[in-house]
Amino acid sequence: MDESNINQWMDKDLAIIGEILGKEFFEKQHKLVVDDKFMFNIEDKITQLLHSDTRHITTYETILSEINKARGISVNQALSSYPKLCQDIAKITDKVIFDFKVTGGEDVLMPLHFKPFIKSLVHLFRNAVDHGIEDLETRLINDKSEKGLISCHVEDHSEYIKIIISDDGAGIDVDRLKGKALQAGIVDQNKLLVMTNNEVLNLIFHEGLSTNEAVSQLSGRGIGMNVVKVEVEKLSGQLDVESQMGKGTSVTLKIPIAIYGNLINIAANSRDNITIEYILSPVINRVTSFLQSDMGFNLNRQAIFTYTTMQKVGLKKFTSYIHISGLVEVSVCMSFDQFLLDKLLEELNHGHKVLQEELLEYRQSVSMEVLNIIIGNALFNPYDHSILKITSPNIIEHDELTTEGANEKIAHVIIDTEYGEMQVLVGRF
């Protein structure tokens, strides 16, 4: 039999198999599949070496970086399915949009704990098409192109990334949004009068608020945008909305990426930097978002930050602390005015009254629960448990804190709310 015929037949057979199983089928045969646990074990060992062998820090950092690249995907890749999703939604809603690709973020590795956040962005892209882009007739009346324009751009700022999702659609009707917020009981008329335009726009992230008159297959339940907000806050991130009627809407998400990635590198050099930069910052971000967004409390001014010693701090009546270990040994302490704690208790207990004889116990429980919520959301990293280990919260008296490490330098932050003050202390005590 002619060898050339055999090769032709084989090529045909392979083509048929490829059609059935997909073009990637044969490529996969040449790929090595490694269990994630094996990779985690290697990372753990390298992390341990960072402590014991400071002479080769750069080498270990490079190896860790390459391992992450080998098993990870970029932020750009993680977002790459959304342009097609937008096209699919456009077809369902009888709209037409330009094809687009996610730009930027090709060199930014997506941490594994970003997955829920990336998944939540489906609501932003869906809204850009469903709420933002107008139908063909409306766009032509307003002298716009027949096709709507949606874009997604990623900016790498070393310690954080920015994801900007924009559309050239109808924009957000601020007056309509105010009316919906009043109707839903989210704000009252007096509060609306003093809110800035930006603050009103950010109401779209409030749970239960939708500008749609009716629930559709795609939207109207008032859940989606709140999901985005929750996931952003879990990562100690920030989000902001800009919108102009008839021009379009842009949502900017700013997410820290260095909290965990650079923690290893800095731990090997200067533990003081970890305490302030990598523990305090995300904790304070989460405290303010918890008080303002979750509890609905107003802050009287910006948080006041100082370096001091435990001996000089006058703690409030109710104080709880939590210890963090791993690549850094540090404690976080939160101290509350009694009235503020009672308001937190009221919110967390959904307005149910507490018996007077049980009040002390409940106050202590709430003090620990708030600390646990904030630390858990600000610092929790399912990607690598070797970075930070967090104990359960405990109640502590001022005398206990000043006895040990009385002269150690600590970070002290005062957060002043409409119901009283809350103190956050970070240090080795």
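The values are calculated or read from the model by the stated rules, or taken from the named source; none is laboratory data. From a predicted model like this one, the values you see are computed outputs, not experimental measurements. With ideal geometry, Cβ positions are generated from the backbone for all residues, glycine too; neighbour counts draw on all protein chains shown.
Every residue, every condition in (1) assigned by TED's automatic domain parsing to the domain that holds I415; (2) buried (at least 16 other Cβ atoms within 10 Å of the Cβ); (3) at pLDDT 85 or above; (4) not acidic (D, E), yes or no:
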{"residue": "D337", "(1), (2), (3), (4)": "yes, yes, yes, no"}
{"residue": "L341", "(1), (2), (3), (4)": "yes, yes, yes, yes"}
{"residue": "H352", "(1), (2), (3), (4)": "yes, no, no, yes"}
{"residue": "G376", "(1), (2), (3), (4)": "yes, no, no, yes"}
{"residue": "L379", "(1), (2), (3), (4)": "yes, yes, no, yes"}
{"residue": "I390", "(1), (2), (3), (4)": "yes, yes, no, yes"}
{"residue": "E400", "(1), (2), (3), (4)": "yes, no, no, no"}
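Among the listed residues D143, D175, identify the single one that is surrounded by fewer than 20 Cβ atoms within 10 Å (Cβ to Cβ), assigned to a loop (DSSP other than H, G, I, E, B) and modelled with pLDDT of 90 or more.
D143
In the stretch 281-336, which residues are of a type in the set (K, R) and in a loop (DSSP other than H, G, I, E, B)?
Passing the criteria: R301, K316, K317.
Do you know which of the residues in the stretch 296-320 that are buried (at least 18 other Cβ atoms within 10 Å of the Cβ) and in contact with a Lys or Arg (Cβ under 9 Å, 6 or more places away or on another chain) is farthest from I396 (Cα to Cα)?
Among them, the one singled out is F297.
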